[in-house]
Amino acid sequence: MNNNGEEEIREVIIDAKDMEYRELNEKIHEVINKNPNLKKIILKNVLGQRFIGNGIEKKDLTIEIHGVPGGDLGMFMSGPTIIVYGNTDHAPGNTMDDGTIIIHGNGGDVTGHSMRGGRIFVRDNVGYRSGIHMKEYMDKFPVLIIGGTAKDFLGEYMAGGLILVLNIDSEGNDLGKIKGKMIGTGIHGGAIYIRGDIDNSQLGVAADIKEFTEEDREKIKTYIEEFCSIFNLGDEIKKKLIESQYTKIAPISKRPFGRLYTQDLR
Amino acid sequence: MIPSTVPPKYKVEINSNRCMLCERCVRECSWGVYRRDRNKIVTYSNRCGACQRCVAMCPRDAITVNKNATCWRDHPLWTREVREDIINQSRTGCILLSGMGNAKELPTYFDNIVLDACQVTNPSIDPLREPMELRTYIGKKPKKLEFEYIEEEIDGKKIKKAKLKTNIAPNLKLETPIMIAHMSYGALSLNSHLAMAKAAKECGTFMGTGEGGLHRALYPYANHTITQIASGRFGVNEDYLMRGAAIEIKIGQGSKPGIGGHLPGEKVSAEVSMTRMIPEGSDAISPAPHHDIYSIEDLAQLVRSLKEATRWKIPVFVKIAAVHNVAAIANGIATSDADAVVIDGFKGGTGAAPKVFRDNVGIPIELAIAAVDERLREEGVRNEVSIIASGGIRNSADVFKSIALGADAVYIGTAVMVALGCRVCGRCYTGQCAWGIATQKPELVNRLDVEEGANRVANLIKAWTLEIKELLGAAGINSIESLRGNRDRLRGIGLNDVELEALGIKHAGF
């Protein structure tokens, strides 16, 4: 009970069955505005509704999604945590500013497109061009952690942040050598860590394989621990993941296209 | 050794009888043309791009900049420019970078179109004494209006009152159909941006922010800005989207259709880094496509995504470069919940574009407006969506003709820069602009006085607005709405049948 004698609502359940996306998203805004102490929204029967969580800035809110949300999940979002019990369509975390997206399934193409901050944890695989144009700024540092594998063009145009590919199935078994091609095409900032070996031929223009140091291991350790705790992976698997060999992919230079142009001054 | 130097394009001369060795030119020229050597000023003509800063500032009128007469053997095919470019590229192996708009002598259809005026019948109107409506609303218009009737009792009588039932989408209210084009902070200096924002506010119109975020100094003018979201998503967050009066998705630019943008690290100063939200000194690369848009359906998704993020309170425009199938693309945009289609013609300006794109890709804006207007009419959606035209609009006549061809409003960019002092030297990409417009160097930026600049831009827009009123009055029209798509008031001169058909106008004499 609050001072006005009204009950403080902390959790709201919305049944999204047969709801059009505008109706559902309006409903979400409505319950957030009505209940200042709201901590959790549970969405049931979600089936392809797009733009869930778009632009929401409430930091301590969790949105639980049961079903398969549509594209642009959590776009421009700044703060909340979205937990999806299912797969997501394309571009979850698009241009996200802050917050967390946890996907108990696969992420679609361009997962984490242009993320500036926040974290995305994907239990299984992601589609093409994931982590494209991720960028960091001051205290904002975007992180994309993929449990399984990523399709081609992972981390294209990457300008900052961190991508981690763990290369395991849902039981924690190794998936074998990563097949993705054109990794880090046009990368000019940030780093991609992939568990296992990557050949030079799998890299895109401007990407380079750098030495994986103990410092790097320290950096990714916290994310591995968090991943294991989120997805209930045992200590043995955690230990394996932390101690594994990773390939670090980073830019050849900060100016991949610096020598592309000549001035037409005369 | 194969010498790769070419003669300077311009020749700088100082009249020593007039020169008083004040060294003003040495300080003013950011390109390093001048140096004091004992009691004379030495010039390096090869560095001169004829921006005229020195000429304008010399207190003694002692400087002349002429075309360098050094003769290249004339050849109709192998022009001087062609040879210079080959020499440059064979030396460097690089893409030629250029500034400003298309520099080829391709037709400017505006100059082959003349306007109508009233004589005797349908008398002309004097705008100085009669009201002339230039107010323009940009945004989605409903297909039809629905009313509900509510019965009310007034003085014992039951009266049915009509109430609007249709939901009207938010529109931008323009006092003149001229807006300031998207030129990013980063490409342009903060002082230029401030001057343009002040002018937009004063004239009751809007300015585009370009893809560079919104500097906090512009927050007081934010309700007169149109924010831009391009493929790099620089400076885009919820706050940015909610702040502007409208949002524009930039798909393409008239000066470089089909390619992205690239702000070099040198231009990403501490301030630029803050508005773009990227580290200082890092390259700002905008990919060629938006990687979340591979189809018209995806575009519709981004439009709706922005609408959702702003709770459907802010209009969303989509800007495309004028290319061959512009009409079909514009139709796709019109059916996507977007509020306006922006078409940028091939003569549109730029801070930096590969020369091969600037001079060869895209189609004229005049033809694009006509094609888009025509197609949207055929599809029955023209009245629901606005068309904004840009790319090489130089004066009020161009604005007038654009609207008569079918646009609702226009964006002007280069004209605004010229009002701020730009002399179209085309070297914006070097960051050395001696006029303080396209640079981030504080000592150069300070040369541009914000108040004076704002005044000049506002003056330009007001002057054109007055001229448009005069032209409307002469045509016997008292509202800009009656001019929109009114191609009957246009005639072509010296155009062939195909051109006339594409423009949808008759030849003079008919």
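In the neighborhood of residue B:222, defined by Cβ-to-Cβ distances under 13 Å, what is the net charge if each Lys or Arg adds +1 and each Asp or Glu adds -1?
Result for the local shell: +3.
Going by alpha carbons, how many degrees (0 to 90, nearest 10) lie between the helix axis of B:365-378 and the longest principal axis of chain B?
20
Test of the criteria: in region B:315-424, which trypsin sites (Lys or Arg not before Pro) are in a DSSP loop and have at most 15 other Cβ atoms within 10 angstrom of their Cβ? Mind dumping the intermediate values first?
Working: sites: B:319, B:347, B:355, B:358, B:375, B:377, B:382, B:394, B:401, B:423; in loops: B:347, B:394, B:423.
In loop regions of region B:315-424 (DSSP not H, G, I, E or B), the sparsely surrounded trypsin sites (Lys or Arg not before Pro) are B:394.
I'd like the Karplus ³J(HN,Hα) series for region B:423-435: coefficients 6.51, -1.76, 1.60, θ = phi - 60°, whole numbers in Hz, and an x wherever there's a Gly or Pro.
The phi angles translate into 10, 6, 7, x, 10, 4, 5, 7, x, 9, 2, 6, 9 Hz.
Quick one: Karplus J couplings for region B:161-173, per residue in order, coefficients 6.51, -1.76, 1.60, θ = phi - 60°, nearest Hz, x for Gly and Pro?
Listing the rounded values in order: 10, 8, 10, 5, 9, 5, 7, 8, 6, x, 10, 8, 9 Hz.
Using only the alpha-carbon atoms, how far is helix B:190-203 inclined from the longest principal axis of chain B? Give it as 0 to 90 degrees, nearest 10.
Result, in degrees: 30.
Separation of region A:229-266 and region A:149-194 by C-alpha centroid, Å?
8
Given points 7 Å out from each Cα along the Cα-Cβ axis, report the residue B:122 to residue A:18 separation in nanometres with one decimal.
Roughly 5.6 nm, to one decimal.
Set the Förster radius R0 to 22 Å, insert the Cβ-Cβ distance between residue B:135 and residue B:168 as r into 1/(1 + (r/R0)^6), and round the FRET efficiency to 0.05. Provide the component values of the computation, followed by the final result.
On the way: r = 16 Å, r/R0 = 0.73.
Computed FRET efficiency for residue B:135 and residue B:168: 0.85.
How much length is gained if the chain between residue B:360 and residue B:147 is pulled fully straight, taking 0.36 nm per residue apart and subtracting their Cα-Cα distance, in nm to one decimal?
Extra length from residue B:360 to residue B:147 when fully extended: 71.5 nm.
Can you compute the FRET efficiency between residue A:170 and residue A:40 using 1/(1 + (r/R0)^6), with r the Cβ-Cβ distance and R0 = 25 Å? Round to the nearest 0.05.
That gives a FRET efficiency of 0.50.
Evaluate the distance, in nm, between pseudo-label points positioned 7 Å from the Cα of residue B:38 and of residue A:257 along their respective Cα→Cβ axes.
5.0
Across chain A, where is the longest run that never hits GluC sites (Glu not before Pro) in a DSSP loop with at most 15 other C-beta atoms within 10 Å?
Here the longest run is A:21-170.
Could you work out the local net charge near residue B:129, counting Lys and Arg as +1, Asp and Glu as -1, over the other residues with Cβ closer than 13 Å to its Cβ?
Numbers: positive: B:469; negative: B:126, B:130, B:470.
Summing Lys/Arg as +1 and Asp/Glu as -1 gives -2.
Under a crude label model (7 Å from the Cα following the beta-carbon direction), how far is residue A:181 from residue B:157 in nanometres?
Here the modelled spin labels are 8.1 nm apart.
So if R0 is 45 Å, what FRET efficiency would residue B:311 and residue B:45 give, r being the distance between their Cβ atoms, rounded to the nearest 0.05?
Here the calculated transfer efficiency is 0.15.
How large is Rg/Rh for the protein assembly as shown, to two decimals, with Cα atoms and a Kirkwood Rh?
1.01
Which cross-chain or sequence-distant (5 or more) residues have an amide H under 5 Å from the amide H of residue B:386, H modelled 1.01 Å from N in plane?
Correct list: B:139, B:340, B:341.
With no solvent and one point on each alpha carbon, what is the Debye value of log10 I(q)/I(0) for chain A at q = 0.07, 0.13, 0.14 Å⁻¹?
Values, matching the q order: -0.26, -0.81, -0.91.
Karplus couplings for region B:138-143 from phi (6.51 cos²θ - 1.76 cosθ + 1.60, θ = phi - 60°), rounded to Hz, Gly and Pro as x?
Values per residue, Gly and Pro as x: 9, x, 5, 10, x, 5 Hz.
Once amide H atoms are built 1.01 Å from N in the peptide plane, which residues 5 or more positions from residue B:96, or in another chain, come under 5 Å H to H?
Amide H neighbours of residue B:96: A:262, B:355, B:356.
For residue B:479, enumerate residues with amide H under 5 Å from its amide H, sequence gap 5+ or separate chain, H modeled in the peptide plane.
Close amide H contacts, sequence-distant or interchain: B:133.
What does the net charge come to around residue B:176 if you take all other residues with beta carbon closer than 9 Å to its beta carbon, with K and R at +1 and D and E at -1?
Details: positive: B:135, B:462; negative: B:175.
Once positives and negatives cancel, what remains is +1.
Under 19 Å from a point 7 Å along the Cα-to-Cβ line of residue A:232: which residues of region A:90-109 have their amide N that close?
Those under the cut-off are A:102-106.
Remind me, relative contact order of chain B in percent, using alpha carbon pairs under 8 angstrom and six or more residues apart?
In percent, rounded to a whole number, it is 19.
Among bridges DSSP assigns within chain B, what percent are antiparallel (round to 5)? Don't jump to the answer; show the numbers that get you there.
Numbers: 28 of 58 bridges.
The answer is about 50 percent antiparallel.
Using helices alone, I'd like the mean residue ellipticity at 222 nm for the protein assembly as shown: each DSSP H run of four-plus residues gives -39500 (n - 2.57), total over residue count, nearest 500.
Estimated from H runs of four or more residues: -7000 deg cm²/dmol.
Taking Cα pairs under 8 Å and at least six residues apart, what relative contact order does region B:242-371 come out at, in percent?
With pairs under 8 Å counted, the relative contact order is 33 percent.
Antiparallel as a % of all DSSP beta bridges within the protein assembly as shown, to the nearest 5?
35
Between region B:463-499 and region A:20-93, how far is it from one alpha carbon centroid to the other, in angstrom?
Using only Cα atoms, the two centres lie 50 Å from each other.
When DSSP beta bridges are limited to those with both residues in chain A, what percentage is antiparallel, rounded to the nearest 5?
Details: 10 of 51 bridges.
Antiparallel bridges make up about 20 percent of those DSSP assigns within chain A.
Please state the relative contact order of region B:48-172 as a whole percent: Cα pairs under 8 Å, 6+ residues apart?
Reported relative contact order: 13 percent.
Coordinate-derived values only; no laboratory data. The model shown is predicted, which means the values in this text are computed figures rather than measured ones. We place every Cβ from the backbone using ideal geometry, glycine too, and count neighbours over all the protein chains shown.
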